[in-house]
1. Which condition number does residue 109 fail, the rest of (1) closer than 23 Å to residue 273 by Cβ; (2) touching a residue at least 24 places away in the same chain (Cβ under 8 Å); (3) more than 14 Å from the chain's Cα centre (by Cα) being met?
2. Among 269, 189, 198, which is the only one that is farther than 30 Å from residue 124 by Cβ and touching a helix residue (DSSP H, G or I) at 6+ places or on another chain (Cβ under 9 Å)?
3. Determine, yes or no, whether residue 15 is of a type in the set (Gly, Ala, Ser), in contact with a His (Cβ under 8 Å, 6 or more places away or on another chain) and within 30 Å of residue 127 (Cβ to Cβ).
4. What's the number of the condition residue 149 fails, among (1) surrounded by fewer than 17 Cβ atoms within 10 Å (Cβ to Cβ); (2) in contact (Cβ under 8 Å) with a residue 24 or more places away in the chain; (3) out of contact with any strand residue (DSSP E or B) (no Cβ under 7 Å at 6 or more places or on another chain)?
5. Of the residues 207, 184, 196, which is in a strand (DSSP E or B), β-branched (Val, Ile, Thr) and out of contact with any Gly (no Cβ under 6 Å at 6 or more places or on another chain)?
6. Take the residues in the range 210-243 that are surrounded by 13 or more Cβ atoms within 10 Å (Cβ to Cβ) and among the hydroxyl-bearing types (Ser, Thr, Tyr), then tell me which one is farthest from the chain's Cα centre (by Cα).
7. Kindly list the number of the only condition in (1) assigned to a helix (DSSP H, G or I); (2) surrounded by 13 or more Cβ atoms within 10 Å (Cβ to Cβ); (3) within 23 Å of the chain's Cα centre (by Cα) that fails for residue 140.
8. Just wondering, is there one or more residues in the range 89-112 that are within 16 Å of the ligand (Cβ to nearest atom), of a type outside the set (S, T, N, Q) and more than 23 Å from residue 267 (Cα to Cα)?
Amino acid sequence: MKKTEISFDEIPGSAISLTKLTICLKCAFDFFTKQLNLANRTAYIELKKHVPEEYDFTGAATGRPHFFAGEETSHCPYCNGPKRWFAAFTAIRIDAHPSFEKQRKKVWAALKKEKERYTLWAVERTGMQIFSEWLERLKRSMDMDGEEWLLEAAMAQIKRSHPAVKWDDLLTEGLRRVQLSSRIESDWSYEKGRLIISPVLYGDALIVQHLLSRSHMHGGTTFEGRLTLHELVNRLRRIGYMEARGIEAADPYEVFEHVVAALVASGPSAVYYAVDRDNFLTKLKTVYDKRRDK
Ligand SMILES: [Zn+2]
């Protein structure tokens, strides 16, 4: 039977993150056949049901027989078995947003029909947790030593709050600059590599840049240079961000709390996972067939 691939294209790319987790099938089989003394066939049947946990994918508690393999990983870190024992799971994580919930549900309905291949999870997360995890992923993907990341971070935040816009089609001449305009009627306009944005979008970008670089050596760096928390709050006030967001507090720390809460609320509100087991099931069968022939 020919495999029909389920397309994730209708879900905005900025809302999808992929994690590849490798499993060593030698370790996995050995666990059942040597430690539990089960027959090869029983081991195979048990393994076919296997799905790693979320903590394996996040790296929070990745343990035998799972690990993260790079191009250079040629042997299992646990049993030293060679690459031919490796199989991979791919976790497709969606940070869901009401603006594309209909499309996500459609993809999920298709995935549900492929029960053996895909395992689906809806995980409990607060908006704040989703936001922090997003910041972490963003930080890991960027080189924060140069200046390029400022633009990348701003764009990532703009995509986060407007995921349904087809940004890649819209930015036909690339993105060279992001500029604030307090007179702009809509949220943004784009012309010749310049993205002109409203005070809310610009302020959001400054906050995200500030949060990302806080723990870095150039702490607090933004489009407006390096800013302390007080300076950032003042800058946001001056561009009309507080007014647009309806934030009235006076104490800078309290203001910052409100600012971050508003930013969190403007983004995704739920997390869904689809774990693709295609590669795992194929490799598992190959390994099992070889063991059976012995
Ligand atoms: Zn191993």
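1. Only one criterion in (1) closer than 23 Å to residue 273 by Cβ; (2) touching a residue at least 24 places away in the same chain (Cβ under 8 Å); (3) more than 14 Å from the chain's Cα centre (by Cα) is unmet by residue 109, namely (2).
2. Working: 269 fails: farther than 30 Å from residue 124 by Cβ; 189 fails: touching a helix residue (DSSP H, G or I) at 6+ places or on another chain (Cβ under 9 Å).
Going through 269, 189, 198 in turn, just one is farther than 30 Å from residue 124 by Cβ and touching a helix residue (DSSP H, G or I) at 6+ places or on another chain (Cβ under 9 Å): 198.
3. Numbers: of a type in the set (Gly, Ala, Ser): yes; in contact with a His (Cβ under 8 Å, 6 or more places away or on another chain): yes; within 30 Å of residue 127 (Cβ to Cβ): yes.
Answer is yes for this residue.
4. Failed condition: (1).
5. Details: 207 fails: in a strand (DSSP E or B); 184 fails: in a strand (DSSP E or B).
Of the residues listed, the single one that is in a strand (DSSP E or B), β-branched (Val, Ile, Thr) and out of contact with any Gly (no Cβ under 6 Å at 6 or more places or on another chain) is 196.
6. In this case the residue turns out to be 241.
7. Among (1) assigned to a helix (DSSP H, G or I); (2) surrounded by 13 or more Cβ atoms within 10 Å (Cβ to Cβ); (3) within 23 Å of the chain's Cα centre (by Cα), residue 140 violates only (2).
8. Of all residues in the range 89-112, those within 16 Å of the ligand (Cβ to nearest atom) come to 89.
Within this subset, residues satisfying the condition of being of a type outside the set (S, T, N, Q) are 89.
Filter once more, so that each one left must be more than 23 Å from residue 267 (Cα to Cα): 89.
Yes, that holds for at least one residue.
No value in this document is a laboratory result; all are computed from the given coordinates. Here the structure is a predicted model, which means the values were calculated and not measured. Here Cβ is always computed from backbone atoms with ideal geometry, including for glycine, and neighbour counts include all displayed protein chains.
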